[in-house]
Amino acid sequence: MTTPPLETDLGALIVELARGWKRAAAGIVAGIVVAGAVVLFVPARFDGRALVLVRTPEGAVGAIAGKLGVLAQFAPGGVGGALKDDLETELAILKSRAVLGVVVDSLKLQLRIKAPGHAPSLSLVDSVQVPGRFKPTAVSLTRGANALPQGKVWLKADAPAVRAKLMDREDAVDWVAENFDARKQGGDVVRVSFRARDSLTAAAVPNLAIATYLARRKTVDRGLNQRRVEFLIAKSDSVDRDLKSAAANLRDAQDEAGIPALEPAARAVLEQVVVLETAIGQLRAEEGALDSLLAEASRAGADPRRLAAFPSLLKSPAVNDLVSQLSRLETQRAALEAQYASTAAPVVATIHARDSLVAQLLPMARTYAQSLTRQRRALESDLAQARQRIGAMPKAAQGMVVAEARLKRLAALDAGMGAQVLDARLAALTEGGDVRLIDAAVAPRKVAFPRPALTIALGALAGLLAGLASVLFWPARPRAA
């Protein structure tokens with residue numbers, strides 16, 4: 001035996017709803033009252049937004065992505081995953097505690113101002129010195145120095161009395177991280193946003209975070225190629241001076257000797273001497289530059305990674321592999337610091353692995369310096385034998401050939417140095433991709449939450465629905481079957 005389905009009389013339902021209009025009206029009034037209380041008593045929130053272009057460097061995968069265009073997002077995991085890794089790494093660095101810690105220190109965000117309302121901490125607070133960890137606590141401050149159990153806080157001379165919530169640095173960084181967001185807007189554009197109780201802080205946090213991120217990229221990501229540029233420019237200037245001196249010496253030798261040509265055999269011997277002297281000079285220059293770098297790297301507190309900028313060392317496959325591993329570890333460390341504290345086990349393990357690789361650079365450089373010394377001594381022995389063979393040549397002819405060969409060698413070296421400087425400059429400009437600010441965050445005028453009109457409308461709608469539900473489920477009189 002089955003129970004027949006219940007049939008709902010639409011007309012009776014409408015009559016029931018019409019009889020319960022008082023409940024619906026009461027629900028609307030109650031919803032408006034609750035929404036008004038939210039508007040009046042819930043602190044306002046402002047959203048600051050900035051746009052930054054993050055264009056990662058184009059390697060082999062980047063070239064494939066450029067050919068694919070919009071189809072790159074549908075590429076298989078080997079290509080599609082690699083296309084996302086670079087941008088995700090940049091976003092992780094932008095949201096890391098290292099970047100947000102600078103924002104907290106600069107904007108004095110360890111104090112969250114309660115009164116006066118909508119006042120940024122930076123406009124009232126002069127300095128904060130609260131080392132150590134402690135629970136967030138409410139404090140009352142006056143202008144000048146304020147001694148607290150947690151430390152000292154200085155307000156500006158023209159600041160009014162302040163009621164605020166004091167946090168330690170780690171809690172302040174956590175609070176900023178909760179309200180800070182950086183996500184892909186579209187293409188290579190990243191939107192950086194922050195929600196705060198005042199409009200000035202809402203705009204200042206994204207702008208300062210982007211500025212700190214760009215500064216870290218210039219000093220960390222592009223340091224190696226920039227040092228190569230400086231080294232090559234210094235060597236190029238030295239070659240230019242030597243080239244001018246060689247041209248003057250050749251002109252003087254031709255004027256004094258008056259010899260239009262030399263015997264081919266004599267020229268070959270003299271050119272061999274010039275080649276040997278050139279090679280020895282290059283080895284001595286490399287020895288001197290490497291010795292100075294070794295002396296600086298051997299000092300206490302020096303960074304051995306500067307040795308990786310030495311051009312000759314970069315030609316070594318072992319050094320290149322070591323530099324690649326260091327780059328991967330630095331990227332991994334930055335990504336881990338965005339998720340964990342700097343004292344967490346994964347971060348410490350990554351730092352130890354990086355330091356162990358850095359410690360291998362100094363022994364490699366010393367071994368290479370010893371090999372340069374052995375090569376120079378062998379060439380000096382060959383040069384001494386060649387000089388004995390040309391001892392009987394006329395002095396004037398010898399000087400002219402030496403000057404001419406030296407001029408040719410320096411001219412070729414100058415052209416090669418110019419090409420190397422250009423390549424290094426282009427590498428310094430393009431390494432790490434192209435990152436620049438597009439739209440800076442401005443102080444918003446409108447409140448992001450709660451918005452009065454929208455909040456009251458939603459409250460009235462929720463009250464109406466609650467009133468109608470009460471009429472349907474708890475009617476004043478039972479409905480007819």
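FYI, it's all coordinate maths here, none of it is from the lab. All of these numbers come straight from a predicted model, not from anything done at the bench. Quick reminder, even Gly has a Cβ in these numbers, built from the backbone with ideal geometry, and neighbours come from all protein chains shown.
In debye, nearest 20, what is the charge dipole magnitude of region 111-167 about its Cα centre with +1 on Lys and Arg Cβ and -1 on Asp and Glu Cβ, if you could check?
240 debye
Say the cut-off is 23 Å between C-alpha atoms; which of Lys135/Lys156; Lys95/Lys446; Lys114/Lys152 go over it?
Lys135/Lys156; Lys95/Lys446
Expected output is a single nm value to one decimal: the length gained when fully extending between Asp252 and Arg183, i.e. 0.36 nm times separation in residues minus the C-alpha distance. What is it?
Here the answer is 18.0 nm.
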